[in-house]
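See below for the structure under consideration.
The values are calculated or read from the model by the stated rules, or taken from the named source; none is laboratory data. What you are looking at is a predicted structure, and each value in this text was computed from that prediction instead of being measured. Virtual Cβ from ideal backbone geometry, glycine too; neighbours counted across all protein chains shown.
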Amino acid sequence: MSDAEIRRVLGLLSQDDTLRAFAGLVLGAAGEPPAGALDRLKSGGLAAPDEAGVWHARPERFRELLRAHAGPAGELSDEDRVLRNYLDGGRLRTMPMKRDKRLVVLRHISRLFEPGVRYPEKDVNVMLRAFHDDYAALRRYLVDECLLTREANVYWRSGGPVDV
């Protein structure tokens with residue numbers, strides 16, 4: 001199952017009419033859903049009509065997507081579990097207190113920086129602000145953990161995993 005499929009389902013639920021139609025099916029609400037909403041829900045696997053033509057929600061679709069995205073064993077890796085707990089929509093909710101979990105988050109963030117590229121401090125700040133408003137603390141953590149190196153207000157990647 002692809003990330004595109006997950007984005008598609010989430011996109012359907014971000015539309016007011018399809019969200020209302022799905023909620024109505026889940027709750028058993030009476031009334032006619034907005035035109036086309038049921039067909040869109042069906043295309044995303046979130047609803048289906050039975051033999052009598054009565055529409056039903058398919059909340060199991062969320063479990064299917066989660067299992068497919070989690071990998072072949074249906075389980076998340078330890079790193080993915082930490083990232084899921086501390087990142088919300090790609091933004092850092094809070095910095096983990098335990099160093100091992102903090103390193104998972106910092107290594108994830110360090111992937112923003114290309115090895116061999118030097119970044120002025122203002123560019124680093126802009127990149128880190130995408131993760132958290134306290135970009136200075138993030139920058140300090142990255143330097144302290146030797147994931148970034150700083151000299152004369154210029155930073156470069158000096159550690160962490162490299163995506164190949």
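Looking only at the range 1-31, filter to residues that are among the charged types (D, E, K, R) and without any contact (Cβ under 8 Å) to a residue 12 or more places away in the chain; which one of those is nearest to Leu65 (Cα to Cα)? First the steps, then the outcome.
Quick first cut of the range 1-31, residues among the charged types (D, E, K, R) only: 3, 5, 7-8, 16-17, 20.
Then keep just the ones that are without any contact (Cβ under 8 Å) to a residue 12 or more places away in the chain; that gives 7, 16.
On the way: Arg7: 10, Asp16: 21 Å.
Going through the qualifying residues, I end up with Arg7.
How many of the residues in the range 55-99 are of a type in the set (Ser, Thr, Tyr) and modelled with pLDDT of 90 or more? Talk me through it step by step, then tell me what you get.
From the range 55-99, those of a type in the set (Ser, Thr, Tyr) are 77, 86, 94; that's our starting set.
Adding the requirement that they be modelled with pLDDT of 90 or more leaves 86, 94.
So the answer is 2.
Reported count of residues in the range 105-137, each being of a type in the set (A, V, I, L, M), within 21 Å of Gly89 (Cβ to Cβ), touching a Lys or Arg at 6+ places or on another chain (Cβ under 9 Å) and in a helix (DSSP H, G or I), is 1.
Going by the structure shown, is Gly24 surrounded by 11 or more Cβ atoms within 10 Å (Cβ to Cβ), assigned to a helix (DSSP H, G or I), modelled with pLDDT under 85 and not assigned by TED's automatic domain parsing to the domain that holds Gly89?
Details: surrounded by 11 or more Cβ atoms within 10 Å (Cβ to Cβ): yes; assigned to a helix (DSSP H, G or I): yes; modelled with pLDDT under 85: no; not assigned by TED's automatic domain parsing to the domain that holds Gly89: yes.
Here the answer is no, as Gly24 does not meet what is asked.
Of all residue pairs spaced 6 or more apart or on separate chains, those with beta-carbon atoms under 7 Å, a first member in the range 32-57 that is surrounded by 11 or more Cβ atoms within 10 Å (Cβ to Cβ) and a second member that is in a loop (DSSP other than H, G, I, E, B) are Gly45/Arg58; Leu46/Arg58; Ala47/Arg58; Ala48/Arg58; His56/Asp50; Ala57/Leu46.
Conditions (1) within 22 Å of the chain's Cα centre (by Cα); (2) of a type in the set (Asp, Glu), marked per residue:
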| residue | (1), (2) |
| --- | --- |
| Gly11 | yes, no |
| Asp17 | no, yes |
| Leu25 | no, no |
| Leu41 | yes, no |
| Leu46 | yes, no |
| Val54 | no, no |
| Glu60 | yes, yes |
| Glu64 | yes, yes |
